[in-house]
Every structure is written in C-alpha cells, then in structure tokens.
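Down below is the structure, laid out as structure tokens.
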Amino acid sequence: MFDSTNNNGEANSIPNNPESIDLRVRIGSISLRNPVLLASGTAGYAREFGSLMNWDKIGGIVPKTITVLPRKGNPPPRTVETPCGLLNSIGLDNDGIDYFISSYLPELRKINTAIIPNVAGKSLEEFGELASRLAHEPGITALELNLSCPNVSGGIDFAIDPLLAKKIVNLCTSKCSHPIIAKLTPNITDLLPIIQSVAEAGATAVSIANTFLGMAIDWRKRKPILGNQLGGLSGPAIKPIVLRMVWQMSKVSPIPIIAVGGIGTLDDVMEFLVAGASAVQIGTANFYNPSAATKIVDELPKAIQELGYSSLREVIGVGHQ
Ligand SMILES: Cc1cc2nc3c(=O)[nH]c(=O)nc-3n(C[C@H](O)[C@H](O)[C@H](O)COP(=O)(O)O)c2cc1C
C-alpha cells in the first residue's frame, strides 16, 4: 500500500495492486459487479455472442427490446455506416414477450452477469402488460423501459412527454417489483422535465440515451438510403453530445444516470464516470470490437488507481467537485 491524495486533498490509502480496486456500483437498489453493461439492440440475447464474450467479467447485458407481439421491423436497408457512426432503422424487430420468456430468458439466466430486459409498448397498457409478465420472472436485475418509441395513439415518442412517461413508469412500478430504468430519447431540448417525472414515478435510474434521429441520402438515386427513410445515429459521432447531456443532467438529476452513446474505450468510460454517470452501456462498439467491454473492465482498475482512488464509486461525478 502507498498513500496518495484524492481530488479533495484527502489522504487515501491506495492499494498497490490494481486487482484490489473495488469496481462494484450501486444504482439505487441495483447492485452491479462493475459499471460496464451491453446496450440493448447491440448484444442480441447473449447467444449471438457465442464464445466471443466472457460474461463473468462484464457488469450486465440489456437484451434487445421486446414488445408484446412479435415484430418484423422496418424494410431493408436497415443500417448505413456514416463517418464515425452508424445509422439504424431496425424498427424493434423482435420475437415478442412469450418467446422471450420461454426461450431467451432461460438461456440468459445461465450466464453469470446481470440481466436487464428492455421492453417497449405501443401504448401505456402494453408497457403495463410487459412489466406484469416479467414481474415474477427470476434472474432479472432490473427492467429497462425503452421510452424512445412512438405512442401509437398520439404518434409521438413517450419520452418527449413528461406526463405520459410518468404514467408509464408509475404503472410499471405498480406491476413489477424489479427496479425500473427509464431509457430516454436524446431528441428533445431539455431532458430535465422527463427525468423529474420518471423519478417522481419511482424510476430507479435513467439511461441517457437512445439514438439521435438522422438520415442518409443516395443523391445519385435521388432517395433516402434506409428503407424507413429516417434512422437513429449511434457510435463515436454522438459521444460528445451525450457526454454533455450526462454532465448537465448529473448536476440536477434526482436519480442516477446510466450513460449510453459512443462509448467504446476505457477513456470514454472514465470520461462519463467523471461527468457523473453511475454506469455505462457499450452499444455500437460491440459490432466493431466485441471485446471492447471486457477490455475496458480489465483496464478500469489501473485508471482508477491513477486518479488516486481505491474504488470506482469515488470517480462518479468527481468532475463536478
Ligand atoms: C443496431 C442497433 C439496434 C438498437 N436497438 C435498440 C433496441 O432494440 N432498444 C433500445 O432501447 N435501444 C436500441 N439501440 C440503441 C442503443 O442501445 C444505444 O442506446 C445507442 O446505440 C447509443 O449507444 P452507442 O452509440 O454506444 O451505440 C440500438 C442501437 C443500434 C446501433
């Protein structure tokens, strides 16, 4: 052991050995072995990774969004690469809640990491139904609500309407005792009213954020490239914007923030922790570097030690001090 000081000038007793750095995080009632999660839609239902992932290492997986009924998703092409980013318009292609419970969930339970199913309803009632169906399923650490999808009756995304977002979280917390994480859309000017609403309704945390609305055009063909015309932009291109959102919101948010957006390296993760995120999700990076998440977990202790801390918790929000 050697002594050091942290950013407050307080003496710290720093373990020499990076292996003794404590990576555990608590997000309300959610306990994770470390803050590195895989983001919904970029890690399938775990089976797609085959032997490429060491599940014992990462903090958890958020499987692809599930809906009440199976969905075919949007017409192809569904993805376009852009400079430093990826546009997708998958359209919530999934096999529905029955298949998730009977086929995917039993497999997910076998891997040694936190399982955080992600659900999306087309209406308030559908969100309630999905929460009820998962309420008594064992092996679930928390439930993430994908609020960045259109409300069929009103046509707008749930996560741009604070009242509706509040109703959804209220209903889901009443139906299901798993901690609720509200995943927000970044396609909004001010996230705070939404965060306040979902916090009042009992959400344990918010995930910031889903993809940014964008598009690509093939000018020679004189038309949009994506079958759905519009898509969501993700990857390194969006990181500075999401980092700004997390920085601003962590100062005022009544609940913890899980950061999602362009995170693919140790530096990205450390930046988001310093900005105030309690955990992170790795998304698009899984496609070009399936070992990104495990590599980051390996590298985290040394970075924390470099700052003079002995636990990851001490890094969260330290940039605001
Ligand atoms: C191909 C693809 C599919 C996605 N599917 C979902 C989904 O089903 N549900 C969801 O909540 N987010 C989905 N997302 C959004 C990601 O979970 C994440 O919020 C977003 O991509 C930003 O993080 P990133 O820049 O690290 O990818 C998807 C993203 C991509 C690229």
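Across the stretch 186-199, coupling constants 3J(HN,Hα) worked out from phi with the 6.51/-1.76/1.60 Karplus curve, θ = phi - 60°, read x, 7, 7, 6, 10, 7, 4, x, 5, 4, 4, 5, 6, 5 Hz, and Gly and Pro carry x.
For Pro77, neighbours were defined as the other residues whose beta-carbon sits under 13 Å from its Cβ, and their charges (Lys and Arg +1, Asp and Glu -1) total +1.
Considering only Thr113, Thr82, Thr294, the mean-square fluctuation computed in a Gaussian network model of the chain, springs between alpha carbons under 10 angstrom, is largest for Thr82.
Take every DSSP beta bridge whose two residues both sit in the chain; close to 45 percent of them are antiparallel. Remark: Ile282, Ile258 ranked as Ile282, Ile258, counting other beta-carbon atoms within 10 Å and listing the fewest first.
How much net charge surrounds Asn146 when only the other residues with a Cβ under 14 Å from the Cβ of Asn146 are counted, with Lys and Arg +1 and Asp and Glu -1? Write out the running numbers ahead of the final one.
Values: positive: Lys64, Arg71, Lys122, Lys183; negative: Asp93, Glu126, Glu144, Asp157.
Surrounding charge for Asn146 is 0.
Taking 16 Å as the cut-off, the amide N atoms of the stretch 90-106 that come nearer than this to a point 7 Å along the Cα-to-beta-carbon line of Arg47 belong to 94-106. Axis angle, to the nearest 10 degrees, between helix 239-252 and the longest C-alpha principal axis of the chain: 70 degrees. As a proxy for reagent exposure, Phe272, Phe158, Phe127 were ordered by neighbouring Cβ count within 10 angstrom, fewest first; the result is Phe127, Phe158, Phe272.
Each Lys and Arg adds +1 at its Cβ and each Asp and Glu adds -1 at its Cβ; summed about the Cα centre, the chain shows a dipole of about 820 debye. Scanning residues 5 or more positions from Cys149 or on other chains, those with amide H under 5 Å from its amide H are Phe158, Ala159, with H placed 1.01 Å from N in the peptide plane. Seen from Pro179, the other residues with C-beta closer than 13 Å to its C-beta sum to a net charge of 0, counting Lys and Arg as +1 and Asp and Glu as -1.
Among Pro224, Pro106, Pro240, the residue with the largest mean-square fluctuation in a Gaussian network model of the chain, with springs joining Cα atoms closer than 10 Å, is Pro224. Helix 266-275 and the longest principal axis of the C-alpha atoms of the chain enclose an angle of approximately 90°.
Quick one: which of Lys64/Lys251; Lys122/Lys175; Lys122/Lys239 span more than 21 angstrom between C-alpha atoms? Please report the intermediate quantities before stating the final value.
Working: Lys64/Lys251 30 Å; Lys122/Lys175 17 Å; Lys122/Lys239 29 Å.
Violating the 21 Å Cα-Cα cut-off are Lys64/Lys251; Lys122/Lys239.
Dividing the C-alpha radius of gyration of the chain by 2.2 N^0.38 Å, with N its residue count, gives 0.98. With a 10 Å cut-off between alpha carbons and a GNM built on the chain, which of Gly128, Gly235, Gly73 moves the most? For the chain, modelled as a Gaussian network with Cα springs under 10 Å, the answer is Gly73.
Using 0.36 nm per residue and subtracting the Cα-Cα separation, the extra length available between Phe287 and Lys302 on full extension is 2.8 nm. In terms of other Cβ atoms within 10 Å, Ile241, Ile257, Ile140, Ile194 run from fewest to most in the order Ile241, Ile140, Ile194, Ile257. Here the spin labels are modelled as points 7 Å beyond Cα on the Cα-Cβ line, and at Glu200 and Lys72 they lie 4.2 nm apart.
All of the numbers you see were taken from the coordinates with simple rules; none came from a lab. Just so it is clear, the structure is predicted and the values come from calculations on it, not from any experiment. Quick reminder, even Gly has a Cβ in these numbers, built from the backbone with ideal geometry, and neighbours come from all protein chains shown.
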